Amino acid sequence: DMSGSNVRVPTPSGFVRNGATDLPGIRFDIIDQFIQSDCAGFRPENRFAVVGFSTTVIPNIGSTCQAGRLDSRANVGVQLDELRNIQDQEPLDPPTSMGSTVYTDGLDCAQGIISDHQNSLPAAERPRQNYNVMFLSDGVPTRSNADPLTNFSGVYSSVDAIVASGQGAAGASV
């Protein structure tokens with residue numbers, strides 16, 4: 001989640017940093033720690049992709065939503081560093097790239113990466129693949145800039161759609 005609430009809070013007189021949910025970017029450290037862990041990197045052929053999303057998918061290294069975005073755990077840190085840099089350079093006011101929490105674009109991108117990867121494999125290899133989608137957000141997601149959710153059913157439905165399409169395994173938890 002690269003939404004603006006990570007770095008600023010709206011007030012009647014403008015935006016302030018006090019109260020931002022992740023100004024120091026701790027979520028990037030947590031993602032990196034997971035990717036570098038024995039659990040995530042147990043098999044050397046494991047591949048990872050980090051999708052930053054806000055009002056749209058945040059352009060970063062490997063910004064396409066295709067299998068080419070998948071990278072080794074040794075190299076996926078470049079994707080995290082790009083997102084860190086975007087957050088570090090985000091101005092207080094006016095907001096630029098870090099807007100709302102439109103989760104659909106991020107999950108659609110994840111599904112695009114998985115679909116493209118599946119399509120690049122021989123048919124016999126496809127059932128042996130396992131995909132995990134981890135959704136990190138600091139607050140209430142939206143379906144669009146003007147459509148805040150009152151619950152997370154839409155997030156669950158989007159992740160379930162990835163599973164139902166026969167493209168590996170995924171799960172949603174909040």
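Yes/no matrix, rows are residues, columns are (1) under 19 Å from D138 (Cβ atoms); (2) surrounded by 15 or more Cβ atoms within 10 Å (Cβ to Cβ); (3) out of contact with any strand residue (DSSP E or B) (no Cβ under 8 Å at 6 or more places or on another chain):
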| position | (1), (2), (3) |
| --- | --- |
| R73 | no, yes, no |
| G77 | no, yes, yes |
| A110 | yes, yes, yes |
| I114 | no, yes, yes |
Considering the stretch 1-48, residues that are surrounded by 20 or more Cβ atoms within 10 Å (Cβ to Cβ) and assigned to a loop (DSSP other than H, G, I, E, B), and then whichever is modelled with the lowest pLDDT, we arrive at R8
Does N151 qualify as being modelled with pLDDT of 70 or more and either open to solvent by 70 Å² or more (accessible area, probe 1.4 Å) or of a type in the set (D, E) (or both)? no
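Matching residues to (1) touching a Cys at 6+ places or on another chain (Cβ under 9 Å); (2) closer than 17 Å to I113 by Cα; (3) touching a residue at least 12 places away in the same chain (Cβ under 8 Å):
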position: S3; (1), (2), (3): no, no, yes
position: P12; (1), (2), (3): no, no, no
position: R17; (1), (2), (3): no, no, yes
position: L23; (1), (2), (3): no, no, yes
position: I26; (1), (2), (3): no, no, no
position: R47; (1), (2), (3): no, yes, yes
position: Q87; (1), (2), (3): no, no, yes
Looking at the stretch 121-142, can you tell me whether even one residue there is at pLDDT below 70, open to solvent by 60 Å² or more (accessible area, probe 1.4 Å) and closer than 16 Å to D1 by Cα? yes
(1) within 28 Å of R128 (Cβ to Cβ); (2) in contact (Cβ under 8 Å) with a residue 12 or more places away in the chain all hold for Q33 apart from (2)
Taking first residues from the stretch 61-79 that are farther than 17 Å from I31 by Cα and modelled with pLDDT of 85 or more and second residues anywhere that are surrounded by 17 or more Cβ atoms within 10 Å (Cβ to Cβ) and of a type in the set (F, W, Y), the pairs with Cβ under 6 Å that are 6 or more apart or on different chains are none
Exception for F42 within (1) in contact (Cβ under 8 Å) with a residue 24 or more places away in the chain; (2) over 15 Å from the mean Cα position of the chain (by Cα) falls at (1)
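The values are calculated or read from the model by the stated rules, or taken from the named source; none is laboratory data. Keep in mind that what you see is a predicted model, and the values were worked out from it rather than measured. Cβ sites come from the backbone with ideal geometry, for glycine too, and all protein chains shown count toward neighbours. All accessible areas refer to the heavy atoms of the entire protein, side chains included, with ligands and DNA or RNA removed. Shrake-Rupley method; radii C 1.70, N 1.55, O 1.52, S 1.80 Å.
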